[in-house]
Amino acid sequence: LSVTSTDTAGNASTPVTVVAKDTTVPAAPTDVIVSDDGVTVTGKAEAGSTVAIKDATGTTLGSATVGSDGAFSVTLTPAQTNGQTLSATATDAANNTSSATTTTAPDTTAPAAPTEVQVSGDGETVTGKAEVGSTVTIKDANGTTLGSTIVAADGTFKATLD
């Protein structure tokens with residue numbers, strides 16, 4: 001900005017130059033996608049800004065500078081392959097940070113085997129612990145499905161056998 005002072009007679013001072021502070025927040029990143037192997041996040045954001053990818057606890061997993069074409073590619077450490085929710089923000093040179101865009105990593109990690117598995121005394125139910133939300137399937141020695149159930153929020157399951 002150029003600032004001058006002019007008196008009532010019309011005499012103008014020498015201009016003074018001042019730079020206004022950038023307070024404009026960049027737009028949130030768009031088209032944010034996690035690669036199938038969970039190693040890279042790509043998308044679009046303000047050219048020259050820095051995109052940071054964070055996990056649900058706020059830990060930064062990686063960051064990169066956005067290219068002049070507005071594209072970015074961030075390498076994640078560690079890779080995210082268990083359906084984690086991630087957030088992406090863009091921060092410009094004036095340290096203004098955008099709102100977060102969320103994305104979900106692919107779930108390519110098999111759950112751990114069920115634990116504490118027990119058959120009821122009457123042989124009608126099987127109980128135990130497994131990954132929350134996973135499906136537990138009980139099969140006989142021939143591979144015939146005898147029962148299945150979805151694991152509860154507390155990590156326990158109880159399947160009734162057919």
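The values are calculated or read from the model by the stated rules, or taken from the named source; none is laboratory data. Remember, predicted model here, so these are calculated numbers, not experimental data. With ideal geometry, Cβ positions are generated from the backbone for all residues, glycine too; neighbour counts draw on all protein chains shown.
If only residues of region 12-55 that are hydroxyl-bearing (Ser, Thr, Tyr) and at pLDDT 95 or above are counted, the one that is surrounded by the most Cβ atoms within 10 Å (Cβ to Cβ) is SER49. Within this structure, ALA130 fails the test of being within 30 Å of VAL32 (Cβ to Cβ), of a type outside the set (Val, Ile, Thr) and either touching a strand residue (DSSP E or B) at 6+ places or on another chain (Cβ under 9 Å) or at pLDDT below 95 (or both). Considering region 61-80, and only residues there that are in a loop (DSSP other than H, G, I, E, B) and touching a strand residue (DSSP E or B) at 6+ places or on another chain (Cβ under 8 Å), the residue that is nearest to ALA90 (Cα to Cα) turns out to be VAL66. Looking at this structure, is VAL16 under 17 Å from ASN96 (Cα atoms) and either out of contact with any helix residue (DSSP H, G or I) (no Cβ under 8 Å at 6 or more places or on another chain) or touching a residue at least 60 places away in the same chain (Cβ under 8 Å) (or both)? Answer is no for this residue. The listed residues are THR85, THR97, THR108, THR77, and the only one of them that is under 30 Å from SER49 (Cα atoms) and touching a residue at least 40 places away in the same chain (Cβ under 8 Å) turns out to be THR97.
The one condition from (1) buried (at least 19 other Cβ atoms within 10 Å of the Cβ); (2) assigned to a strand (DSSP E or B) that SER148 does not meet is (1). Checked against the criteria, GLY58 counts as of a type outside the set (A, V, I, L, M, F, W, C), on the phi > 0 side of the Ramachandran plot, at pLDDT 95 or above and in a loop (DSSP other than H, G, I, E, B). Within region 82-113, the set of residues being of a type in the set (Ser, Thr, Tyr) and buried (at least 18 other Cβ atoms within 10 Å of the Cβ) comprises SER87, THR89, THR91, SER98, THR101, THR103.
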